[in-house]
Structures are given as structure tokens and as C-alpha cells.
Amino acid sequence: MQAQFILSAASAADFPRTGLPEIAMVGRSNVGKSTLINALVKQKIARTSAAPGKTRLANYYHLDSGLYLVDLPGYGYARGGRESVEAFEDLTQAYFDPSTRDERRVAGVLLLIDSRHPDLPQDAAGYAWLLAAQTQIAIIATKIDKLNRSEQAKTLRTLKKNYDSPVLPVSAFKGDGLDDIWKTIRAWINTGPR
Ligand code: GTP
Ligand code: MG
């Protein structure tokens with residue numbers, strides 16, 4: 001498969017009209033979004049970092065199988081002070097904005113959650129927000145290689161209890177779980193526009 005980075009959008013005006021199904025990827029900074037993109041396409045097209053990035057851009061990657069992966073910014077503090085719930089960055093909210101949604105074929109969203117932290121309130125808030133945006137969602141439990149077998153089972157139970165969507169464990173490092181993510185993406189694309 002051939003895949004390439006196309007552009008970084010800094011504002012909604014920069015979102016390209018790709019004309020192709022788009023798979024959006026969201027999650028907290030450092031959760032493993034860029035590493036997962038590279039693992040899915042088996043190429044190093046996305047920049048990864050051990051330090052949580054300050055990136056506030058939507059990065060578009062074109063796959064020659066006929067879709068885009070869109071790496072969206074994660075959470076920032078909602079306006080109104082430190083105690084307010086973290087909300088998706090404005091750019092991510094704009095991406096799902098119903099008034100401009102016709103220009104994008106959002107086939108589904110991968111919500112990445114660190115498998116070591118299945119109970120974070122900001123992830124729960126992000127999920128609730130995505131549910132309201134009426135898109136298909138899969139929870140991706142990242143960095144599963146950091147847990148032993150029984151810890152893996154426990155965290156998957158917790159995620160399945162917390163989230164009413166498919167939960168897919170993945171290790172981008174080991175390559176475990178990538179096939180199931182591809183199956184989900186293909187199913188979304190084949191069910192047509194949304
Ligand atoms: P931002 O772009 O900053 O929001 O982060 P990101 O979500 O793109 O995370 P990134 O892919 O840059 O990975 C963050 C860190 O997690 C890096 O140190 C990666 O090496 C590590 N990481 C990513 N995937 C895995 C995995 O499957 N297993 C392990 N053990 N570490 C991982
Ligand atoms: Mg990244």
C-alpha cells in the first residue's frame with residue numbers, strides 16, 4: 001500500500017475536499033495516534049514523539065486504497081477555567097461541524113485510549129461528544145504491550161463497560177490488533193457515506 005502525508009490544516013478553512021471517505025483519529029496527546037498511523041500503513045509517514053506534542057493541526061494522509069486518515073488534535077481545557085472539563089480542540093470540533101459536514105465523508109472515528117488508563121474522564125467526555133456528532137466510533141486501546149495478560153483482560157473489561165462501541169486492543173510496536181482495525185475501517189467504508 002502506498003500512503004503519503006498531504007497537508008496540515010490549521011483552521012477549518014484549510015480542510016480539503018478530499019472526495020474520499022475519511023477516517024478520523026482522535027485521542028489525548030501522546031496516546032499513540034501517529035505511531036498507529038505508521039503501523040497501519042507500514043510506512044513512516046507521521047511524525048512521532050516521546051514528548052506530548054503541542055501540535056494543533058489536522059494532518060491529512062492519503063492512502064492509495066482510496067481513503068484518508070485524518071489525525072486530529074486531542075483535548076484542551078475548555079474555556080472557563082482549569083476545573084472545567086477538557087474538550088476537543090476547536091479544530092476537531094470544527095471537523096465534525098454539521099453545517100460543513102457535507103463537504104466531508106467521515107466514514108468513522110477511531111478514539112484512541114491508553115490501555116493503562118481506561119477510566120479517564122476526558123476520554124469519557126470526548127466519547128460523549130463524538131456520540132452526539134453521530135458518527136461511527138471504535139475505541140482503540142493503545143500500547144497494549146505495556147500490560148501483562150491479566151492486566152490486558154482487566155482493562156478491556158473496563159473499556160467495554162465504559163464505552164458502548166467496539167473496543168479494539170492494539171500494539172503498534174508489536175503489530176498486534178492492526179488487522180481488526182483494518183476490518184473495522186473497511187466495514188465503515190463499505191456501509192457508504194455518513
Ligand atoms: P501527539 O501527536 O503528541 O498528540 O501524540 P500521538 O498520539 O501522535 O503519540 P505518538 O504516536 O507520537 O506516540 C507517543 C509515544 O507513545 C511515543 O513515545 C511512542 O513510541 C509511544 N507508543 C506509541 N504506540 C505505542 C505502542 O503500541 N506501544 C508502546 N509501548 N509505546 C507506544
Ligand atoms: Mg502525533
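Below, the figures for the structure above:
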{"item": "Where a residue in segment 155-184 is surrounded by 13 or more Cβ atoms within 10 Å (Cβ to Cβ) and its partner, wherever it lies, is assigned to a helix (DSSP H, G or I) and of a type in the set (S, T, N, Q), with Cβ under 7 Å and at least six apart", "result": "166/184; 168/184; 169/152; 172/35"}
{"item": "Residue check, residue 124 without any contact (Cβ under 8 Å) to a residue 12 or more places away in the chain and in a helix (DSSP H, G or I)", "result": "no"}
{"item": "Among residues of segment 7-39, those that are of a type outside the set (A, V, I, L, M) and within 15 Å of ligand 2 (Cβ to nearest atom), counted", "result": "10"}
{"item": "Conditions (1) on the phi < 0 side of the Ramachandran plot; (2) surrounded by fewer than 16 Cβ atoms within 10 Å (Cβ to Cβ); (3) modelled with pLDDT under 95; number of the one not met by residue 192", "result": "(1)"}
{"item": "Restricting segment 19-50 to residues that are closer than 22 Å to residue 105 by Cα and open to solvent by 30 Å² or more (accessible area, probe 1.4 Å), the residue that is nearest to the chain's Cα centre (by Cα)", "result": "20"}
{"item": "Output for segment 141-194, where each listed residue is touching a strand residue (DSSP E or B) at 6+ places or on another chain (Cβ under 7 Å), assigned to a helix (DSSP H, G or I) and basic (Lys, Arg)", "result": "160"}
{"item": "Where a residue in segment 87-109 is closer than 9 Å to residue 12 by Cβ and its partner, wherever it lies, is part of a helix (DSSP H, G or I) and open to solvent by less than 30 Å² (accessible area, probe 1.4 Å), with Cβ under 8 Å and at least six apart", "result": "100/94"}
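The values are calculated or read from the model by the stated rules, or taken from the named source; none is laboratory data. Worth saying up front: this structure is predicted, and the values here are computed from it rather than measured. A quick note on method: Cβ atoms are made from the backbone with ideal geometry, for glycine too, and the neighbour counts reach across all protein chains shown. Just the protein is used for accessible areas: all its heavy atoms, side chains included, with ligands, DNA and RNA removed. Shrake-Rupley method; radii C 1.70, N 1.55, O 1.52, S 1.80 Å.
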